[in-house]
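Here is the structure we will look at, set down as structure tokens.
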4 protein chains.
Amino acid sequence: MPKDTFFNLSEEKKQKIMEAALKEFEQNDYDAASINQIVINSGISKGSFYQYFQDKKDLYIYLMNLMVEKKLKYITPAMMNPFEHSFFEVIREMNQSGLMFARENPQYMKIGTRLLKDQNSDIYKEIMAQNQDQAYEVYEQLLQHAIAKGEVRNDIDVKLTARIIFTISADLVSSNSELIAETWPENLIQQLEKVMALIQHGIANPK
Amino acid sequence: MPKDTFFNLSEEKKQKIMEAALKEFEQNDYDAASINQIVINSGISKGSFYQYFQDKKDLYIYLMNLMVEKKLKYITPAMMNPFEHSFFEVIREMNQSGLMFARENPQYMKIGTRLLKDQNSDIYKEIMAQNQDQAYEVYEQLLQHAIAKGEVRNDIDVKLTARIIFTISADLVSSNSELIAETWPENLIQQLEKVMALIQHGIANPK
Amino acid sequence: MPKDTFFNLSEEKKQKIMEAALKEFEQNDYDAASINQIVINSGISKGSFYQYFQDKKDLYIYLMNLMVEKKLKYITPAMMNPFEHSFFEVIREMNQSGLMFARENPQYMKIGTRLLKDQNSDIYKEIMAQNQDQAYEVYEQLLQHAIAKGEVRNDIDVKLTARIIFTISADLVSSNSELIAETWPENLIQQLEKVMALIQHGIANPK
Amino acid sequence: MPKDTFFNLSEEKKQKIMEAALKEFEQNDYDAASINQIVINSGISKGSFYQYFQDKKDLYIYLMNLMVEKKLKYITPAMMNPFEHSFFEVIREMNQSGLMFARENPQYMKIGTRLLKDQNSDIYKEIMAQNQDQAYEVYEQLLQHAIAKGEVRNDIDVKLTARIIFTISADLVSSNSELIAETWPENLIQQLEKVMALIQHGIANPK
DNA sequence: AATGAATGAGCGTTCATTCAT
DNA sequence: TATGAATGAACGCTCATTCAT
């Protein structure tokens with residue numbers, strides 16, 4: 001957690017620091033990101049940085065928590081009680097919420113994507129230790145339930161399929177990361193529908 | 001490209017250098033990889049390194065080109081004349097060849113996977129600029145042809161689907177990157193079949 | 001000297017600051033001790049610290065003066081009129097008082113011991129410049145008098161012997177600095193007697 | 001151990017570096033000593049320093065090993081077979097050798113003295129782990145043997161006495177550390193004799 | 001062709017102290 | 001009087017690259 005000194009700063013200053021931090025972590029992974037660059041770009045002194053944050057990790061984890069917080073705003077009813085809704089509806093909404101989040105928070109999305117790609121790093125393990133819900137295990141449970149309900153074919157490999165859906169979903173969001181912010185929501189939804197169609201064709205129980 | 005001085009070296013020396021480089025780039029991403037470690041592990045002097053290679057990038061790109069070259073050896077007949085074979089057969093073989101390559105060249109595979117994860121980096125862009133065939137554009141053409149032949153449903157989004165197949169394929173290889181070398185080929189093939197089943201269900205023309 | 005602002009503080013606040021300072025200087029030598037830690041642990045602001053004290057040195061020297069003041073409380077009659085008592089009695093009491101002081105003021109004792117170890121440092125010189133009485137010159141005078149009285153052999157080197165007695169005494173206190181607070185007074189006295197026996201054997205006039 | 005690169009340097013350059021290092025560690029304890037100062041004073045770049053030495057500790061331990069090596073030159077026959085000689089003769093020679101070493105290697109002596117004073121530091125523990133002979137346990141064994149032989153009174157506390165002799169000896173060497181190099185050997189020997197007289201009077205078996 | 005010494009910018013981090021409010 | 005934000009130099013250490021020999 002940043003120190004009180006950070007939260008006591010003027011909104012404007014906090015803003016400048018966060019912008020500089022987002023930019024740096026968006027363009028570099030955790031190790032490569034430079035505190036030096038952040039302090040230069042935000043116009044504060046190095047000494048000040050360490051009065052606001054414990055260390056580099058403190059800032060990074062704060063950013064990640066902000067991201068999680070922001071993501072929560074995109075949660076839909078079906079995502080909150082996933083087992084009471086159709087499987088395909090649930091993952092459609094998960095993806096949709098992911099897309100909307102990415103559209104409106106492209107920098108956070110990029111940082112998150114970066115982290116997801118560095119699953120061997122210490123920082124990844126540390127963050128995921130407190131944020132387990134993010135990983136693809138969720139999909140496994142949903143799939144299992146969906147098979148039991150007869151929504152999904154029972155000859156699939158649950159683990160493998162969960163992983164694939166997770167991968168596709170992540171890719172859907174990060175694929176056109178530069179463009180996503182400028183794309184019309186309608187177009188994104190269209191893309192999403194196509195992806196959903198693929199998945200549905202791929203695993204839905206033909207009855 | 002490495003300088004002539006490198007190619008004039010004894011096979012043995014070249015070998016040692018390449019081994020050290022592979023090891024270093026396997027364990028670290030481009031930025032984090034250390035020339036220091038490479039020269040130490042290969043027993044050459046710092047000065048020699050810079051007489052063999054322009055710089056770090058030169059070595060890295062050379063490695064990547066070697067990887068492409070090695071991958072070629074796994075090409076099957078269906079991959080060479082892809083338009084004369086069934087679409088699903090072709091991508092099955094592409095994936096199979098990818099898996100076999102990974103099995104027998106785990107270091108190259110890891111380096112390649114690393115690169116794929118940092119698609120924003122300068123180095124990625126530079127490499128992909130000269131190696132377009134590797135990217136997912138290939139799948140686009142195959143898909144178009146497959147639709148024309150009636151193998152694949154014509155209501156799919158070609159670009160999107162190509163990307164998804166590419167992503168799934170890459171993930172199939174990298175998912176168990178540590179285990180892949182010790183896994184029986186039969187098991188890998190089994191996984192592959194499951195993935196293929198998904199794709200086929202997803203996009204095959206039901207006739 | 002601390003500024004007036006310090007002495008005007010509530011007893012409670014002064015107390016908290018002194019506790020934090022003692023703790024910090026007990027655990028770190030002068031250079032390594034951190035003002036940051038002291039202000040955090042005493043709950044005052046950085047700015048306040050510099051309104052109470054000139055600087056780090058000001059606080060440290062104040063602490064040292066307090067120590068001297070506290071030591072005075074352990075002075076015995078024989079120590080006040082040393083020339084009217086037996087030499088060995090006097091130094092026995094000096095050591096005993098030193099041990100008792102250490103037992104009841106372990107933090108001050110540790111800080112003092114730390115200082116004694118860095119006799120080359122600027123801070124040491126500065127403190128000893130104003131506190132000469134603490135040093136081993138005292139022993140010289142006592143020894144001279146004892147020789148005149150015939151208590152001590154007249155073939156010893158006064159300066160050297162004074163220094164040795166001083167060193168042994170300091171060592172007696174600091175040797176078991178961690179344990180001293182938990183050791184029974186009786187045991188400490190026993191140790192003291194052994195040391196006194198050594199000294200006495202070493203320099204007493206055999207008559 | 002310093003790297004080969006260091007040993008390959010010109011004698012002159014090595015000299016300059018060692019001089020700067022000795023000076024820095026003579027004036028500051030391990031933590032306070034600054035690599036920056038050392039590189040400035042020896043006229044090399046920071047990068048070069050780390051090509052010669054693993055890190056700060058590497059240089060320091062190298063210095064300490066040099067010191068031990070240099071000390072060995074002062075060892076006398078009685079010190080090599082201490083149990084075959086009179087106890088007082090042995091410790092006289094130990095102290096004499098210590099004095100001579102200090103006279104001719106005042107910087108090393110100061111650094112060693114510094115270390116001895118910082119027995120809680122990590123670096124002390126690390127160095128003493130490989131150099132156990134330095135500590136005062138040696139005196140315990142010698143004392144025990146001397147008591148058995150009847151040279152020393154049997155009513156002394158061995159542990160305490162060993163510690164005191166060690167302390168006195170160390171102090172004898174470090175006491176006039178600045179002056180020792182300019183003092184005539186004869187005067188040093190005289191001082192030593194006086195100290196020996198004290199000790200002998202203090203613990204020798206009177207018959 | 002081969003060497004390896006030399007470099008200096010960069011890293012994250014800590015510090016005592018100042019000063020406007 | 002009290003605050004706490006701001007500072008910048010210093011710390012140990014790593015790096016890719018250059019260049020004289």
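For this structure, a couple of remarks:
- Protection proxy ranking, peptides D:2-14, C:33-45, average beta carbon neighbours within 10 Å, highest first: C:33-45, D:2-14
- Distances between copies of D:N120, taken at a point 7 Å out from Cα along the Cα→Cβ vector and listed shortest first: 2.1, 4.2, 4.7 nm.
- With 23 Å as the limit, the listed pairs A:K117/B:K23; A:K46/B:K46; C:K71/C:K110; B:K125/B:K149; C:K70/C:K110 have A:K46/B:K46; B:K125/B:K149 beyond it between alpha carbons.
- Dimensions (Å) - the protein assembly as shown, Cα atoms, principal axes, largest first: 126, 72, 48
- A:W184 paired with B:E19, simple spin-label distance in nm, labels 7 Å along Cα-to-beta-carbon: 6.0 nm
- Pairs of Cα atoms nearer than 8 Å and 6+ residues apart set the relative contact order; for segment B:50-207 it is 27 percent.
- Compared with the alpha-carbon gap, the fully stretched path from B:M1 to B:A32 is longer by 9.0 nm at 0.36 nm per residue.
- Between the amide H of B:T76 and any residue lying 5 or more places away or on another chain, no distance stays under 5 Å, with hydrogens modeled in the peptide plane.
- Helix axis angle, D:56-72 relative to chain D longest principal axis, alpha carbon, degrees: 40 degrees
- For C:K13, the aspartates and glutamates whose Cα falls under 19 Å of its own Cα, not counting residues fewer than eight places away in the same chain, are C:D4, C:E24, C:D55, C:D58.
- Average partner coverage of C:116-123, which counts Cβ from other chains inside 10 Å: 4
- Distance histogram for segment A:4-65 (every C-alpha pair counted, 5 angstrom bins, percent rounded to whole numbers): 4, 19, 34, 30, 11, 2
- Mean Cα-pair separation over length for segment D:72-140, i.e. relative contact order, pairs under 8 Å, 6 or more apart, %: 20 percent
- Amide N proximity, segment A:150-192 versus A:E89 label position 7 Å along Cα-to-Cβ, cut-off under 20 Å: A:150-153, A:189-190, A:192
- The rule of thumb for compact globular proteins, 2.2 N^0.38 Å, goes into the C-alpha radius of gyration of segment C:142-207 1.29 times.
- Label sites at B:E137 and D:Q130, each approximated as a point 7 angstrom past Cα along Cα to Cβ, lie 5.9 nm apart.
- Shielding of peptide D:197-204 by partners, expressed as the average count of other chain Cβ atoms within 10 Å per residue Cβ, is 6.
- Considering only chain C, the C-beta nearest to the rotation axis that sends C to B is found at C:A32, 17, the distance in whole Å.
- Residues of segment C:72-93 with amide N under 20 Å of a point placed 7 Å along Cα→Cβ from D:L160: C:87-93
- Among C:D58, A:D29, the ranking by other beta carbons within 10 Å of each residue's beta carbon, starting with the fewest, stands as C:D58, A:D29.
- Label point 7 Å beyond Cα along the C-beta direction, distances from B:N187 to other copies (nm, shortest first): 4.4, 6.1, 8.2
- Put in order of Cβ neighbour count within 10 Å, fewest first, the listed residues B:R153, C:R114 become B:R153, C:R114.
- 7 Å along Cα→Cβ, label-point gaps from C:Q141 to other copies, nm, shortest first: 4.6, 8.2, 10.4
- Descending Cα extents along the principal axes, segment C:69-139, whole Å: 37, 26, 18
- 10 °C / 1.306 mPa s Stokes-Einstein diffusion coefficient of chain C, Kirkwood radius on C-alpha pairs, µm²/s: 85 µm²/s
- With R₀ set to 51 Å, the beta-carbon distance separating A:L116 from D:Y50 gives a calculated FRET efficiency near 0.90.
- Residues whose amide H falls under 5 Å from that of C:F53, counting only those 5 or more places apart or on a different chain, are C:K3, with hydrogens built in the peptide plane.
- Among C:M196, B:M109, the ranking by other beta carbons within 10 Å of each residue's beta carbon, starting with the fewest, stands as C:M196, B:M109.
- Against chain B, whose longest principal axis comes from its Cα atoms, helix B:87-104 is set at around 30 degrees.
- Nearest-ten-degree value, helix C:106-117 long axis tilted from longest Cα axis of chain C: 70 degrees
Read-outs: derived from the displayed coordinates by stated rules, not from any lab. Remember, it's a predicted structure, so these values are computed and weren't measured experimentally. With ideal geometry, Cβ positions are generated from the backbone for all residues, glycine too; neighbour counts draw on all protein chains shown.
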